[in-house]
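> Before I ask anything, let me first share the structure, which is written out below as structure tokens.
Any read-out appearing in this document is the output of simple, stated calculations on the displayed coordinates, not a laboratory observation. Keep in mind the model is a prediction, meaning the values are calculated, not measured. No Cβ is skipped: glycine too gets one built from the backbone with ideal geometry, and neighbour counts run over all protein chains shown.
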Amino acid sequence: GAVVSQHPSWVICKSGTSVKIECRSLDFQATTMFWYRQFPKQSLMLMATSNEGSKATYEQGVEKDKFLINHASLTLSTLTVTSAHPEDSSFYICSASGVWENIQYFGAGTRLSVL
Amino acid sequence: EDKVVQSPLSLVVHEGDTVTLNCSYEVTNFRSLLWYKQEKKAPTFLFMLTSSGIEKKSGRLSSILDKKELFSILNITATQTGDSAIYLCAVEEWVQGAQKLVFGQGTRLTINP
């Protein structure tokens, strides 16, 4: 149980385009979903926290207009990187937790390469 | 500033050895400490520790938390090549009513046959 699916696993896009990443909880209802960014050989850095049906809470230094987060249902959250630039190239990973426990279960991540 | 520090950052041992991974932390509103294993992509959950001195065990893996000294250790006995991974330590805190995980840098463990 507690499976989180993230799609796509890898995306390459041109500078200036937007990219959407999906995060789905497959076998539980995720009241809260989290989006992280991971640079090579560095730890996971929390970008934002989203609760179903409400606006996401962004960490300091994360541009909310650039990284749009939507958590429209208890099983789906999306991260849209708008007007992507090469410096946005990174590994983005989501996690989800349910109502019954505070353990976050992670998706497999999305490697974004902006040319 | 809240921080989680893991050591060593990298460890290479032979199959069958026992390893101990360390995690120390300084956070304001501690709730729990979690260990994850990250092989290729998705970190997979190992343990959640909330109380001091109570060992959690799963097969060859075990972990314990010391809330007085602010650290945790993860032990792996009789290591196998499949244990090769990055082990992440994260501390759960609650900030303004919201859960937040603060991650350490990870320990890259390599088990050689």
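> Report, ordered by chain and residue number, the aspartates and glutamates lying within cross-link reach of A:Lys41, taken as a straight Cα distance under 19 Å and ignoring same-chain residues fewer than 8 apart.
Leaving aside aspartates and glutamates fewer than 8 places away in the same chain, those within reach of A:Lys41 are A:Glu87, A:Asp88, B:Glu39, B:Asp83.
> For the stretch B:5-66, state the semi-axes of the equivalent ellipsoid (square roots of 5 times the eigenvalues of the alpha-carbon gyration tensor), sorted largest first and rounded to whole angstrom.
21, 14, 13
> Straight-line reach from B:Lys68: which aspartates and glutamates fall under 20 Å, measuring Cα to Cα and dropping same-chain residues less than 8 apart?
B:Glu1, B:Asp2, B:Glu26, B:Glu55, B:Glu92, B:Glu93
> Rounded to the nearest Å, what's the spacing between the alpha carbon centres of the stretch A:57-73 and the stretch B:1-78? Just the number, please.
30
> Using 0.36 nm times the number of residues separating A:Leu115 and A:Asn70, minus their current alpha carbon distance, what extension gain do you get? Before the final figure, lay out each step's value.
Details: separation 45, 0.36 × 45 = 16.20 nm, distance 2.53 nm.
Contour length minus Cα-Cα distance gives 13.7 nm.
> Need one number: the % of Cα-Cα pairs in chain A sitting beyond the 25 Å mark.
On the way: 1002 of 6555 pairs.
Tail fraction, whole percent: 15.
> While we're here: Counting other beta carbons within 10 Å of each Cβ, put B:Ile64, B:Ile54 in order, fewest first. Write out the running numbers ahead of the final one.
Values: B:Ile64 18, B:Ile54 10.
Exposure proxy ranking, most exposed first: B:Ile54, B:Ile64.
> Now a separate question. May I ask which of B:Lys67/B:Lys100; A:Lys20/B:Lys41; A:Lys55/B:Lys40 have a Cα-Cα span longer than 22 Å here? Provide the component values of the computation, followed by the final result.
Numbers: B:Lys67/B:Lys100 18 Å; A:Lys20/B:Lys41 19 Å; A:Lys55/B:Lys40 31 Å.
Correct reply: A:Lys55/B:Lys40.
> Based only on other Cβ atoms within 10 Å, what is the fewest-to-most ordering of A:Lys41, A:Lys20, B:Lys56, B:Lys68? All intermediate terms of the calculation are to be shown ahead of the outcome.
Details: A:Lys41 11, A:Lys20 15, B:Lys56 18, B:Lys68 8.
Taking fewest neighbouring Cβ atoms as first place, the list is B:Lys68, A:Lys41, A:Lys20, B:Lys56.
> Treating only the Cβ of Lys, Arg, Asp and Glu as charged (+1, +1, -1, -1), what charge dipole size does the protein assembly as shown show about its Cα centre? Round to the nearest 20 debye. Can you show the working numbers first?
On the way: 21 positive and 21 negative charges, 72 e Å.
So the magnitude is around 340 debye.
> Provide a whole-number value for the mean count of partner chain Cβ atoms within 10 Å of the Cβ atoms in peptide B:100-113.
Numbers: counts 5, 10, 4, 7, 2, 4, 5, 0, 1, 0, 0, 0, 0, 0.
Mean shielding count: 3.
> Quick check: residue separation of B:Gln96 and B:Val12 times 0.36 nm, minus the Cα distance between them. What number comes out in nm?
26.2 nm
> Between rounded, prolate and oblate, where does the stretch B:39-113 land on the alpha carbon gyration tensor, with a ≥ b ≥ c its root eigenvalues, rounded for a/c under 1.5, else prolate if a/b exceeds b/c?
Working: a/c = 2.41, a/b = 1.47, b/c = 1.64.
Verdict is oblate for the stretch B:39-113.
> Put one equal scatterer on each alpha carbon of the protein assembly as shown, apply the Debye formula with no solvent term, and list log10 I(q)/I(0) at q = 0.08 1/Å to two decimals.
-0.29
> Within a 10 angstrom radius of the beta carbon, how do B:Glu92, A:Glu22, A:Glu63, B:Glu26 rank from fewest other beta carbons to most? Write down the numbers at each step before the final one.
Working: B:Glu92 21, A:Glu22 16, A:Glu63 10, B:Glu26 13.
So the residues, fewest neighbours to most, are A:Glu63, B:Glu26, A:Glu22, B:Glu92.
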